[in-house]
Amino acid sequence: MSMVGVFLFWPQRVILRYRKPWQGHLAWIWQWHLLGGLVLQGTHRGWQWRWGSLCWRGGWPKARKWSLAWADLPRFGPELLRLGRQLHLQAWQGGLEIGFADPALTGPGIGLIAALPPQLAQHLRLTFTQVGWQGQGSLLIQFRGWRVLGPSLRLGWQLLQASHPPRKRL
């Protein structure tokens, strides 16, 4: 029971790292450091618990056919916003390099970067030699369990309902 209390009230930290080459796929890894040296780590391939030299690994459930589309996003917007308000970005390092296919889009891109806060704008760069984006970096996110539990459960429930359309009764 004390572990539940620690999760709900102690500030939790999650480290998210990403890397994307110009012509490759986005690779990501996240780590959640818990008390007593326990670490939960996940990637696009699977997950693992680590505690000292002990390790327990597993894979994500096999691919299911999710019937979600960008058109469904407005339905989840309020819950995503509530969840996002409870996640506090503590630190970010790394950067992004963005290249546009049309040179006419570079001007608005520079204007958008100029409108960003200097702490964020210094990590973004436009290029004229490549099309797409590449970058690497890490984010440190802090949250309290009791504040994200409600929005996370509601969002998960909505996603499950959206991915399983109601069955027709005979």
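Key figures
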| read-out | value |
| --- | --- |
| Complete set of residues in the range 15-46 that are surrounded by fewer than 12 Cβ atoms within 10 Å (Cβ to Cβ) and assigned to a strand (DSSP E or B) | Gly46 |
| The range 1-22, residues that are within 30 Å of Ala101 (Cβ to Cβ) and at pLDDT 80 or above | Leu16, Arg17, Tyr18, Arg19, Lys20, Pro21 |
| Test: residue in the range 34-41 that is modelled with pLDDT under 85, closer than 19 Å to Gly137 by Cα and more than 16 Å from the chain's Cα centre (by Cα) | no |
| Failed item, numbered, when Arg85 is tested on (1) exposed (fewer than 13 other Cβ atoms within 10 Å of the Cβ); (2) touching a Pro at 6+ places or on another chain (Cβ under 9 Å); (3) within 21 Å of Leu26 (Cα to Cα) | (3) |
| Unique residue being modelled with pLDDT under 85, over 26 Å from Ala121 (Cβ atoms) and within 21 Å of the chain's Cα centre (by Cα) when the list is Trp66, Trp49 | Trp66 |
| Residue count, the range 144-156 (criterion: closer than 11 Å to Pro11 by Cβ and in contact with a Lys or Arg (Cβ under 8 Å, 6 or more places away or on another chain)) | 0 |
| Among the residues listed as Leu170, Leu139, Leu124, Leu153, the single one being open to solvent by 90 Å² or more (accessible area, probe 1.4 Å) and either at pLDDT 80 or above or among the polar types (S, T, N, Q) (or both) | Leu153 |
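The values are calculated or read from the model by the stated rules, or taken from the named source; none is laboratory data. Just so it is clear, the structure is predicted and the values come from calculations on it, not from any experiment. Neighbour counts run over all protein chains shown; Cβ positions are idealised from the backbone, glycine included. Areas reflect the complete protein model, heavy atoms only, side chains present, ligands, DNA and RNA absent. Shrake-Rupley method; radii C 1.70, N 1.55, O 1.52, S 1.80 Å.
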